[in-house]
Every structure is written in C-alpha cells, then in structure tokens.
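Asks: Structure in structure tokens, see below.
Here, each number is a calculation from the coordinates, and none is a lab measurement. None of the values given here were measured: they were computed from a predicted structure. All Cβ positions, glycine included, derive from the backbone under ideal geometry; neighbour counts span all protein chains shown.
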Amino acid sequence: MPISRQSLRNLSRQSLIAFGVFVLLFILVDNVLMPWFTEQGKSTAVPSVVGLPLEEAKVMLTQAGLVPKEAEIRPDKQFPIGTVAFQVPPPNAEVKYGRGIYLTVSGGEIMVSVPNLRGKSLREAVFTLERAGLRMGDVQFTPSEDIFMNTVISQSVEPGRKARSGSSIAIVVSQGKPGEKRAVPNVTLKSLTEAQRLLLQAGFKVGAINHQVSQDLLPNTVIEQYPKAGELAVFGQAVDLFVAQKVDPRATMEN
C-alpha cells in the first residue's frame with residue numbers, strides 16, 4: 001500500500017523532533033552531566049573569603065565548585081557587619097568538589113549602655129562598670145565642700161550613651177573637704193595588680209613604681225609602700241610602691 005504524502009510529512013516532522021531532542025540531550029550530557037561526573041572525587045583548594053561581604057563570598061565559593069553554608073552570626077570587632085569573620089574549612093584547605101563551606105558572619109562590635117556612676121562610691125563605680133562590660137579609666141580627685149569624700153562627681157561618657165564593650169570610662173571623684181584624710185590600706189606582700197586595685201578602691205592613686213631585686217619574693221610583689229599602711233593621707237593622694245624584680249642570672253654570673 002503506497003504511503004501518502006501526509007504520512008511522509010508526519011514522519012519527517014517526527015524525525016526532526018526526535019533529532020532535536022537527541023541534540024539537546026547530547027548538549028546536556030556533554031556540558032553538564034559529564035563535567036559533574038568527572039569532577040566527583042577530585043579536590044580543590046578552598047578560596048579565602050574571610051573579610052568579604054556574605055553574598056560575594058557565596059558567589060566565589062559557588063564558582064569554585066563548593067557549597068556555601070551560613071553557620072552563625074556572632075559579634076566581632078575586627079570585621080564589619082555582614083562580612084565573613086571565619087570559615088570552615090580554612091582557606092587553602094584541599095577538599096572535594098561539592099563540599100560545604102561553613103561561614104561565620106560578623107555582627108559587628110558589641111555596644112553597651114554606659115551606666116550612671118554619679119553619686120556612687122569609687123568601689124561601687126568599679127563594680128558597676130565591670131558588670132556593664134566596661135573598664136575604669138583615669139580617676140581624678142578634686143576637693144569638694146558639698147559632695148562626700150569618695151563619691152563620683154562626673155564621668156567622661158554620659159549615662160545611657162553607647163560605648164564599645166571593654167572601653168574605659170574616666171571619672172572625677174570628690175576628695176571631700178580640703179585636707180580631709182583617711183588611712184592608707186596595707187598593700188605590702190600583695191601582687192602589683194592587686195595593690196593597684198586595693199589602692200584605687202580605697203580612694204588613692206598609685207604613684208611611682210620602683211623595682212628592687214629580691215631573691216625571696218615573687219616578681220611584681222610589693223615590698224614596701226609610702227605612705228605606710230595605716231598612715232593618714234589626703235584622699236586621692238598617690239602611694240609609691242617598691243616592687244620585687246626578678247634576679248638576672250647573667251648579672252649573678254658576672255659578679
């Protein structure tokens with residue numbers, strides 16, 4: 001039975017469609033599937049994306065055949081908000097294609113509210129700043145007829161203002177009436193750090209720090225102080241310290 005012209009046309013159209021599908025499948029296999037199978041098992045060096053904006057880091061990792069994954073957001077004063085602060089695996093590590101790279105994103109510096117120190121004792125002010133994540137800065141003393149001795153008169157940053165966590169706040173403290181005195185605390189045989197803390201809390205400043213060689217005491221231990229412990233001194237006066245210094249073995253050998 002002879003084939004009609006319409007049947008030939010339909011057969012030709014079907015052949016063209018089938019050929020087109022074949023060509024598309026060939027292109028898909030050759031350009032997508034084959035490179036994917038070829039790359040499986042191979043390794044690549046992880047690019048460094050620390051310091052880059054998150055979206056830029058994702059693009060770079062994707063182009064390298066890796067999978068970017070957001071791990072967490074954490075405060076970081078070194079990197080601006082929204083940039084990568086840390087990556088796992090680290091830069092230049094050899095990993096397989098398709099490996100997930102975990103990115104920690106910077107939330108920026110921690111800012112804290114400055115507490116009100118006015119009217120507090122010097123000791124209270126130190127503790128209040130520590131609880132807020134801040135540190136005591138320079139302490140100045142000034143006589144006052146109206147404000148009790150050892151009371152904070154003013155502070156360098158106004159209460160309620162935001163400051164970087166760990167930053168210092170300077171204060172001015174009342175010495176009380178001119179010439180008013182109090183007993184100097186005993187800081188001998190204390191470490192230098194502890195002596196400085198005790199003097200500050202008692203309302204005195206650390207004066208000159210003199211080092212003396214000592215074979216009996218640990219380095220940075222206070223040997224002597226002036227004024228001595230228990231002596232009356234003007235509030236805010238400096239107390240000089242003599243501190244143990246480590247013996248230099250070379251000096252001993254030379255002698």
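Asks: In segment 169-197, which residue that is without any contact (Cβ under 8 Å) to a residue 40 or more places away in the chain and more than 17 Å from Arg123 (Cβ to Cβ) is nearest to the chain's Cα centre (by Cα)?
Replies: That would be Ser191.
Asks: Please list, ordered by first then second residue, the pairs with beta carbon atoms under 6 Å, 6 or more apart or interchain, first in segment 56-80 and farther than 30 Å from Arg164 by Cα, second among the hydroxyl-bearing types (Ser, Thr, Tyr) and in a loop (DSSP other than H, G, I, E, B).
Replies: What qualifies is Gly65/Tyr97.
Asks: Now, a different point. Only one of Ala163, Ala233 is within 31 Å of the chain's Cα centre (by Cα), among the hydrophobic types (A, V, I, L, M, F, W, C) and within 25 Å of Ser121 (Cβ to Cβ); which?
Replies: Ala163
Asks: Let me ask another. Might you check whether a residue that is among the polar types (S, T, N, Q) and surrounded by 16 or more Cβ atoms within 10 Å (Cβ to Cβ) occurs anywhere in segment 97-119? Give the derivation first.
Replies: First, pick out the residues of segment 97-119 that are among the polar types (S, T, N, Q): 104, 106, 113, 116.
Among the residues that remain, those that are also surrounded by 16 or more Cβ atoms within 10 Å (Cβ to Cβ) are: 104, 106.
Among the residues of segment 97-119, at least one is among the polar types (S, T, N, Q) and surrounded by 16 or more Cβ atoms within 10 Å (Cβ to Cβ), which makes the answer yes.
Asks: In segment 190-240, how many residues are more than 25 Å from Asn150 (Cβ to Cβ), assigned to a loop (DSSP other than H, G, I, E, B) and hydrophobic (A, V, I, L, M, F, W, C)?
Replies: 2
Asks: Further, regarding this structure: Return yes when Ile209 is in contact with a Leu (Cβ under 9 Å, 6 or more places away or on another chain), loosely packed, with under 15 Cβ neighbours inside 10 Å and either more than 21 Å from Gln155 (Cα to Cα) or not hydrophobic (A, V, I, L, M, F, W, C) (or both) and no when it is not.
Replies: It is true that Ile209 is in contact with a Leu (Cβ under 9 Å, 6 or more places away or on another chain), loosely packed, with under 15 Cβ neighbours inside 10 Å and either more than 21 Å from Gln155 (Cα to Cα) or not hydrophobic (A, V, I, L, M, F, W, C) (or both).
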